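Working notes, beginning with the structure itself.
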Amino acid sequence: MFRFFENLVDPFVAYKESDTPPTRLWPFMLEYSKPFYRVFFWAGLISVIVAAVEVGLIYYMGRVVDLLTGPPAEVWKTHGTELILMALFVLLLRPMLHVVDVLLLNNTILPNFGTLIRWRAHKHVLRQSVGWFENDFAGRIANRIMQTPPAAGEAVFQVFDAISFSLAYLIGAAVLLMAADPRLLLPLLVWFVLYGLLVRWTVARVGPASQAASDARSAVTGRVVDSYTNIHSVKMFAHDAQELDYAREAIEETRRTFQIEMRIFTIMDAVLVTLNGLLIVGVVGWAIALWMQGSASVGVVAAATALTLRLNAMTGWIMWALTSFFRQLGVVAEGMQTIAQPIDLLDVPGAKPLQLSNGQIDIRDLSHHYGRKTGGLDHISLTIQPGEKIGLIGRSGAGKSTLVKLLLRFYDIEQGAILIDDQNIAQVTQDSLRSHIGMVQQDSALLHRSVRDNILYGRPDASEAQMIAAAKQAEAHEFILDLQDPQGRTGYDAHVGERGVKLSGGQRQRVTLARVILKDAPILLLDEATSALDSEVEASIQETLYGMMLGKTVIAIAHRLSTIAQMDRILVMDDGRIVEQGGHAELLSHGGLYAQFWARQSGGFLNPEAAE
């Protein structure tokens with residue numbers, strides 16, 4: 001039974017992805033709700049039926065009171081069958097209705113609706129560009145991915161568990177009182193108007209207050225995760241106190257926004273108790289007055305009393321359900337600021353996979369300043385022949401990394417074009433472009449998974465033997481066999497910690513090299529590939545690097561000039577332009593910027609701030 005209801009909706013069902021998801025709340029909720037429309041219909045219908053049954057029971061209790069005014073034997077003779085059938089209904093059919101209602105809410109909607117939103121939101125966010133991620137805290141993005149789905153699920157739950165039920169119950173109560181005596185409807189209507197005004201006042205304030213509190217919680221998460229992610233810097237500079245102050249500011253803002261939210265609920269509760277007192281006195285008092293005039297039976301008084309006491313108990317629950325509904329919608333609205341942002345870097349319509357035959361790279365009048373007037377690249381033109389090895393040097397900020405990022409199409413080019421084998425990279429699919437490029441970065445961060453998973457990230461379908469061969473080529477196999485994590489996993493099964501923190505810088509770099517070796521892409525980018533290696537290890541791995549380069553088109557960025565001295569051509573960049581190019585000996589003979597760098601280096605390492 002559970003499995004049937006749990007599988008009524010597949011949260012991972014195929015859907016048409018949108019590059020521009022709805023940015024308004026209700027269209028956003030409706031878009032994600034499409035697979036649940038049929039379930040929502042039945043959940044709403046059964047919720048109304050359950051409410052009608054509850055009102056009907058109160059009505060029937062009043063009837064029972066009236067029946068009991070007669071002789072017991074006569075009552076049983078005349079109404080015994082009716083009472084038995086009603087008892088069977090209460091014992092059998094009513095629980096069945098209630099169970100189906102709960103199963104739809106608890107086992108179909110709640111687990112699957114949140115899962116669907118989390119899956120699709122994560123899928124959407126993963127499609128965002130590198131630049132998009134660089135403009136926000138990873139912790140805040142993750143927090144919104146985590147808190148938006150349960151908030152949306154809770155909002156939907158309240159619609160069917162409380163809102164539809166309570167509306168049906170109030171309508172049923174009005175019908176019951178009007179059937180008993182139309183005059184009993186008057187105090188209920190007065191109370192309902194006042195209750196509606198209180199709901200309106202509360203909802204108008206809870207939504208913004210909840211969103212402000214949710215924003216504040218996300219800010220705390222972002223700051224705390226930022227501190228934890230950079231814990232080495234925090235400890236190295238002995239800035240625990242500074243980080244505490246930084247977090248305390250956000251935590252205090254969270255407390256302040258939560259206090260504002262709670263004040264609203266306190267005022268709501270105080271007014272609600274007063275209104276409920278008016279409801280009880282108005283309806284029950286009027287029913288008693290009608291009974292004293294002979295216009296109402298004892299059963300009517302009993303039913304009116306039971307109904308108002310039930311409403312009195314329900315109103316707090318309804319109010320909390322409504323405020324919870326709008327509070328959760330506030331959380332969803334806050335989360336939408338992240339998960340409903342349009343994709344900012346798209347494949348062009350009809351983009352085809354890159355067809356790489358030789359690996360020639362043509363850079364034509366390339367300029368990119370990240371939307372600013374300065375920095376980045378300025379009118380770069382360059383042709384890299386198939387299989388040519390290019391060394392790229394220059395001061396920090398000269399534009400080296402920008403060129404590599406544009407080649408990977410992490411950003412859309414502002415001016416000019418990059419062609420690979422005569423195909424404009426802006427016209428091919430991003431995945432196919434990057435699948436043909438292997439890159440070893442200066443920051444050799446690893447996934448918090450096993451060493452095996454990290455190496456196989458380069459080529460998931462590789463065999464165990466191919467993976468181990470890549471590790472051996474990267475001089476990583478021996479130290480991997482000695483690894484053991486706190487859970488007792490060893491060797492290639494050992495987990496490396498967040499961003500590979502459990503490994504040394506050199507070990508991380510060698511695992512990264514193994515991953516790129518396994519990928520075996522025809523174009524190779526090396527961004528300070530040996531920066532984390534000491535001189536002895538670097539010397540031993542130079543042969544590996546040159547082996548990786550065989551038959552590939554290579555661009556290698558380096559401050560340590562010894563790593564690129566043997567390149568086919570060396571490009572010297574300064575202020576976003578290529579100012580020198582040629583072989584190592586040729587550039588030295590020119591006595592230009594490269595010669596100055598070489599003269600100033602210590603052990604072959606370039607001072608990136610060296611003056612001309």
The listed residue being surrounded by fewer than 20 Cβ atoms within 10 Å (Cβ to Cβ), assigned to a helix (DSSP H, G or I) and of a type in the set (A, V, I, L, M), out of LEU198, LEU184: LEU198
In the stretch 186-201, residue farthest from ARG327 (Cα to Cα) [restricted to those that are free of Cβ contacts under 8 Å to residues at least 24 places away in the same chain and not aromatic (Phe, Trp, Tyr)]: LEU189
Among residues of the stretch 193-219, those that are under 30 Å from TYR60 (Cα atoms) and out of contact with any helix residue (DSSP H, G or I) (no Cβ under 7 Å at 6 or more places or on another chain), counted: 2
Some residue of the stretch 101-117 being modelled with pLDDT of 85 or more and among the aromatic types (Phe, Trp, Tyr): yes
Residues located in the stretch 432-464, provided they are part of a helix (DSSP H, G or I), open to solvent by 10 Å² or more (accessible area, probe 1.4 Å) and in contact (Cβ under 8 Å) with a residue 40 or more places away in the chain: SER432, SER435, ARG452, LEU456
Where a residue in the stretch 328-354 is closer than 15 Å to TRP132 by Cβ and in contact (Cβ under 8 Å) with a residue 40 or more places away in the chain and its partner, wherever it lies, is of a type in the set (Lys, Arg) and crowded, with 18+ Cβ neighbours inside 10 Å, with Cβ under 6 Å and at least six apart: THR338/ARG144
Qualifying residue in the stretch 166-174 (condition: under 38 Å from the mean Cα position of the chain (by Cα) and β-branched (Val, Ile, Thr)): no
Pairs where the first residue, in the stretch 475-491, is modelled with pLDDT under 90 and the second is outside any helix (DSSP H, G or I), C-beta under 7 Å, 6+ apart: ASP485/ALA494; ASP485/HIS495; ASP485/LYS502
Pairs where the first residue, in the stretch 144-164, is closer than 19 Å to ARG38 by Cα and among the hydroxyl-bearing types (Ser, Thr, Tyr) and the second is assigned to a helix (DSSP H, G or I) and open to solvent by less than 20 Å² (accessible area, probe 1.4 Å), C-beta under 9 Å, 6+ apart: SER164/ALA43; SER164/GLY44; SER164/SER47; SER164/ALA51
Residue ID - farthest from the chain's Cα centre (by Cα), chosen from residues in the stretch 314-361 that are over 30 Å from PHE192 (Cα atoms), hydrophobic (A, V, I, L, M, F, W, C) and assigned to a helix (DSSP H, G or I): MET336
Residue in the stretch 407-422 that is buried (at least 22 other Cβ atoms within 10 Å of the Cβ) and modelled with pLDDT under 90 present: no
Test: residue in the stretch 228-245 that is within 13 Å of ARG327 (Cα to Cα), surrounded by 13 or more Cβ atoms within 10 Å (Cβ to Cβ) and in contact with an Asp or Glu (Cβ under 8 Å, 6 or more places away or on another chain): no
Members of the stretch 486-528 found to be under 23 Å from ASP461 (Cβ atoms) and either touching a Pro at 6+ places or on another chain (Cβ under 8 Å) or hydroxyl-bearing (Ser, Thr, Tyr) (or both), listed by number: TYR492, THR512
Residue in the stretch 96-110 that is in a helix (DSSP H, G or I), open to solvent by less than 50 Å² (accessible area, probe 1.4 Å), hydroxyl-bearing (Ser, Thr, Tyr) and in contact (Cβ under 8 Å) with a residue 60 or more places away in the chain present: yes
Condition check for THR266: open to solvent by 30 Å² or more (accessible area, probe 1.4 Å), out of contact with any strand residue (DSSP E or B) (no Cβ under 6 Å at 6 or more places or on another chain), β-branched (Val, Ile, Thr) and modelled with pLDDT of 80 or more: yes
Residue list for the stretch 488-520, filter: in contact with a strand residue (DSSP E or B) (Cβ under 7 Å, 6 or more places away or on another chain) and under 13 Å from ARG449 (Cα atoms): ARG489, THR490, TYR492, ASP493, ALA494, HIS495
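The values are calculated or read from the model by the stated rules, or taken from the named source; none is laboratory data. From a predicted model like this one, the values you see are computed outputs, not experimental measurements. All Cβ positions, even for glycine, are placed from backbone atoms using ideal geometry, and neighbour counts span all protein chains on display. Heavy atoms of the whole protein, side chains included, go into the accessibility calculation; ligands, DNA and RNA do not. Shrake-Rupley method; radii C 1.70, N 1.55, O 1.52, S 1.80 Å.
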